[in-house]
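No value in this document is a laboratory result; all are computed from the given coordinates. Since the structure is predicted, the reported quantities are computational estimates derived from the model, not experimental observations. Don't worry about glycine lacking a Cβ; one is built from the backbone with ideal geometry, like all the others, and counts go over all protein chains shown.
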Amino acid sequence: MDLIVGASNNAVKSLVNKLGSLLAQEYTLIRGVRDDIQYINDELTSMQAFLNRLKREPGGHDEQRQDWMKQVREVSYDIEDCIDGVDHRLSGEPRGTGMVMHLRKKWYLLTTLYARHCISIEIGNLKTRAQHVSERRTRYGVKELQNDGGPAGVSPPPDRLALPPQLIGAIEPVGMEKVMTELQKWFEEGNRRKEQATDDLPRFFAIVGSGGLGKTTLAMAFYRNFGFEFDCRACVLVSQKFDILTVLRSLVKQFHEQQSGPYQDPLGSIEDWNVKQLNGKLVDQIQGKSVLIMLDRYMILVDDIWSVSAWESLRDYLPKGGSIVVTTRFNSVAEACRRREGEVHKLEPLSEESSCRLFYEIISGTGINGSHELTPDEKSVMLKCTGRLPLAIVLVAGLVSTKVKSEPRWTIHHHLVKVENALSAVLGEGFNLTPAGVTQILTHCYNDLPPDMKTCLLYLSMFPKGCQISRKRLIRRWIAEGFITGNHGRTVEEVADDCFNELIGRNIIQAISNSSNGKVKNCYIHDMVMEYIVFKSNDENFITIVGGHWQTPFPTYKVRRLSIHKSDGKEKETVEKMKLSHVRSLTALGSFKALHSTLHKFQILQVLDLEGCKDLTTKELKKICKMQQLKYLSLRRTEVKYIPSKIGRLESLEVLDIRETGIRELPDSSDKLQRMEHILAGNKNKGHDALKLTEAITKMTALQTLSGVEICTGSGKELLRALQNLTNLKKFTIYKVGHFTKGNDELLLSAIEHLSSCSLKYLAIDDDFTGFLDSSLSASQAPPEHLHTLGLSGRLSQVPKWIGRLHSLEKLTLSITSLSTESFLDLGKLPYLFSLVFLLDSTKKDASVLKILHDNALKTDGIIFVEAGGFRKLKLLRFAAPVLPPLSFLEGAMLGLQRIELRFRMVEGVYGLENLESLQLVLLTISSQAPKDARAKALQIKELASMVRHKLNAPSVVLDEYNESSEQK
């Protein structure tokens, strides 16, 4: 129950700050209330000092102390709810002097008399509760700590170096070569049977083993390596709470995305379809009734089946002609697959050699100085601690590497022994680790976290099992929840990044993809880790989950944070039974059904995340606009088309995410949102649909991120001048630029130059082929020299000459129309360039594009050459366009390049890959509309890249497909 210390201390810390702020404000309160608030503040300050000492005490806490800390946490939350209510119930008190102001004050006192009376009673009751909690510590013998001689406050955490930009690739499972060979033979046998038309029944391959053995890792590696060979493929997560509707719906959606085209019917109200409708659609998708041709084969990965009944239910709905890979913890499920002539592989712990190799790869990959091969003593302790389970090895290696970096005076062996001692109760004499042992390892890794970081980790239980979690979404929510505060001269965003990087470094969460600037984009939590933190959160009344993968008991305390993973009738009934007036954070995934009748009960909500809820209506939006304490609002991927005018009431709002919605303009009242820091809008996947830049937006002077806007043709001079007011802007993304007069072009350029001289670090502009880039921006006399990221898309005939002066640039995205041999020579001089991207939106049909590409290639005999030298820091090179010109890498080119990505409908050729000395991965993504000769060319490039043998390891080559038609809708 270590969270109690962190959660209790965070609750008290946040509250003490709010109480001090309330006392400093000149609200007119009932006589005596201010004294009560001061008493509560003093009492909680003393509690906080005691909790700070608990945070530093090693080991656990006895039951009496745990119970007392729970009481501190709950009363702190209740006081905070009351104080937050004061702010909006007594807002608008008149200030000033004079007769008119005197009359206004009298009227204010009269109209708020009842509210002030209620506040007085609430604070009096809370004062009594705080007093009783304080007295209970003595009455029931909650022991004092021995004086540790340290200060009462928390010692500052050690500074963590920011992670350097890095690429995250798919890592092949260690020590599983044998079973991968078995899977490959099974796959090839399926090909042979298909060619001979011996049968068209589904084929099954079951991977069985206890949690933490790497079943999903293995299955995903097969899915990744061979998935392209199938006409369609899908991956579904089943888990303990099996629901056939959810599984079939997921399959239909994934197949639809891969097949979507001009002749494909939309799915419409798929959320309301029954099993028969979903099964019929699935059969149609596979047997060709909804597409032009019949599919020869499909592949489905069914992850984590828990029961034979669940497996048989799903199996009966699978169409003919497929290959099904199943992972399960239960032998009974595997045998059920075998009875249908399926194959079964029982996964065993890794060999000692593979275990040591995996542990060493993780340790050496963290950059520990002087890392070496494990000594015999280190191997022995590591094998005993981990039981040769991949998950246990990953967790222990992450913990040890963190300890070695923070305490370099101690060896790997020293830290391994500390882990062994902590696990001594569950470790036997041998090397077999039970599920209880894995849980104990998780507990040890969790207990080693600082209390604030425990809070941030447990917050991830908000998200469903198997979910890819966006780093930026998570960090913004941490901040809105108040878990993160700036310190030691660092901004709140930098501290949040530190916390995220620490969890990644400890391998408690796993990075699965990166942005092209080298930062982690998405992360993932292993099933067993997620299960652990879900139950930990539930035990501590930190987060309440409805409709999740695991059965959790109904909350016995007031609900503080609520996450709804499913919104069917049962979940709706569960939510209606809860006391919701104290909920501060609400997340609904995919559907809003469970909340239609209860939305008005969320009175003090601060975080509201409705990403993907397709059934959100205007009626609900109007209710949301009454939630005056809201700080974070996400409507991303909903079908909302406009924002109500009363959004101006949300004066505390800091983050508004309306990406991939129909919203094209904010109402005039949004100029009241003076605390707004991040507006995320537009849809880059649909012709760069964008949010219109308005005068109201230019008045939000606290803005740090303004992404996905359109500067329309009719934008006036005053609006363009007003852009310069956004001096705190760090990220500015323009999806469309209108056809301007020369004067307006100059005003927009002037605004961009001014913002670049203030705080701007990220600038991306798509001029929508209106000519702004070529005619104005390229001729800038005051270019944005302090940028870290620059993107210029649209008509760009050549690389601007001033780009060579951007010495801090790490990520550069350019229109492919600027691609030439000469441009590579200029860009190679940028000292810190990490990624270079050339792209062209496939929806652009401008006839001049192909001519520009052709002319650029003709300057060097029809081929774009990448010559030797330059690009000292470049790790990623990406090309994304319908047509790619021929490229040739000469000897000595891009010596540090690790990854090259090509996304195209047609490609003329890529040569010289063998000259890229550091190349690790070649990713070829071909359009679903690509002609046969383009597919043949892609296979040829794959074969050439696979034949590169001048290094110890040839680069991995991944061939994938994207659905171009869905991007053009």
Treating only Lys and Arg (+1) and Asp and Glu (-1) as charged, each at its beta carbon, one finds that the stretch 551-622 has a dipole about its Cα centre, in Debye to the nearest 20, of 280
Scalar couplings 3J(HN,Hα) for the stretch 406-413 by Karplus 6.51 cos²θ - 1.76 cosθ + 1.60 (θ = phi - 60°), nearest whole Hz, x for Gly and Pro, are 7, 10, x, 6, 9, 8, 4, 4
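Expected output is a single nm value to one decimal: the length gained when fully extending between Lys346 and Glu746, i.e. 0.36 nm times separation in residues minus the C-alpha distance. What is it? Mind dumping the intermediate values first?
Working: separation 400, 0.36 × 400 = 144.00 nm, distance 6.81 nm.
Between Lys346 and Glu746, full extension yields 137.2 nm more.
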If R0 = 51 Å, then Trp550 and Glu695, at their Cβ-Cβ distance, give a FRET efficiency to the nearest 0.05 of 0.55
Between Met894 and residues 5 or more places away or on another chain, the pairs with built amide H atoms under 5 Å apart involve Gly869
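Anything over 23 Å Cα to Cα? Flag those among Lys684/Lys730; Lys631/Lys811; Lys646/Lys730; Lys253/Lys601, in the order listed. Mind dumping the intermediate values first?
Values: Lys684/Lys730 20 Å; Lys631/Lys811 31 Å; Lys646/Lys730 28 Å; Lys253/Lys601 34 Å.
Distance filter (> 23 Å) returns Lys631/Lys811; Lys646/Lys730; Lys253/Lys601.
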Quick calc, the stretch 412-534, dipole around Cα centre from Cβ unit charges on Lys, Arg (+) and Asp, Glu (-), nearest 20 debye, gives 500
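Hey, with R₀ at 60 Å, roughly what FRET efficiency would Phe535 and Met947 work out to, going by the Cβ-Cβ distance, to 0.05? Intermediate results must be reported in sequence, preceding the final value.
On the way: r = 50 Å, r/R0 = 0.84.
It comes to 0.75.
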Once both label points are put 7 Å beyond Cα along the C-beta direction, the Thr618-Leu245 separation in nm becomes 2.9
A chain fully extended from Ser364 to Asp960 at 0.36 nm per residue, minus the present Cα-Cα distance, gains in nm 211.5 nm
With the charge dipole of the stretch 597-746 built from beta-carbon charges (+1 for Lys and Arg, -1 for Asp and Glu) about the Cα centre, the Cα from Ala722, Leu656, Gln603 projecting farthest to the positive end belongs to Gln603
Phi-derived 3J(HN,Hα) across the stretch 800-805 with the Karplus relation (6.51, -1.76, 1.60, θ = phi - 60°), rounded Hz, x for Gly and Pro, is x, 4, 6, 4, x, 8
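With r defined as the distance between the Cβ atoms of Lys801 and Ser759 and R0 fixed at 30 Å, what FRET efficiency is calculated, to the nearest 0.05?
0.75
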Of the candidates Gly466, Thr411, Pro435, the farthest towards the positive dipole end of the stretch 394-505 (Lys/Arg Cβ +1, Asp/Glu Cβ -1, centred on the Cα centre) is Gly466
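Cα gyration tensor of the stretch 514-649, axes a ≥ b ≥ c as square roots of the eigenvalues: rounded (a/c below 1.5), prolate (a/b > b/c) or oblate? Before the final figure, lay out each step's value.
Numbers: a/c = 1.70, a/b = 1.14, b/c = 1.49.
Judged from the Cα gyration tensor, the stretch 514-649 comes out oblate (a/c at least 1.5, b/c at or above a/b).
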Note, the stretch 225-239: 3J(HN,Hα) by Karplus (6.51, -1.76, 1.60, θ = phi - 60°), whole Hz, Gly/Pro = x, goes 7, 10, x, 5, 6, 9, 5, 8, 8, 8, 10, 10, 9, 9, 6
Check: C-alpha center the stretch 774-823 vs C-alpha center the stretch 886-929, spacing in Å is 22
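Quick one: grab the alpha carbon gyration tensor of the stretch 421-544, order the square roots of its eigenvalues as a ≥ b ≥ c, and give me rounded if a/c is under 1.5, else prolate or oblate depending on whether a/b is larger than b/c. Before the final figure, lay out the partial values.
On the way: a/c = 1.83, a/b = 1.70, b/c = 1.08.
The shape class here is prolate.
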XL table Lys70/Lys614; Lys241/Lys626; Lys558/Lys593; Cα-Cα > 32 Å flagged, in table order, is Lys70/Lys614; Lys241/Lys626
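Among Lys937, Lys614, rank each residue by its count of other Cβ atoms within 10 Å, from fewest to most, as a rough exposure measure. Provide the component values of the computation, followed by the final result.
Details: Lys937 21, Lys614 14.
With the fewest neighbours first, Lys937, Lys614 line up as Lys614, Lys937.
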The rounded separation in angstrom of the Cα centers of the stretch 647-673 and the stretch 497-559 is 29
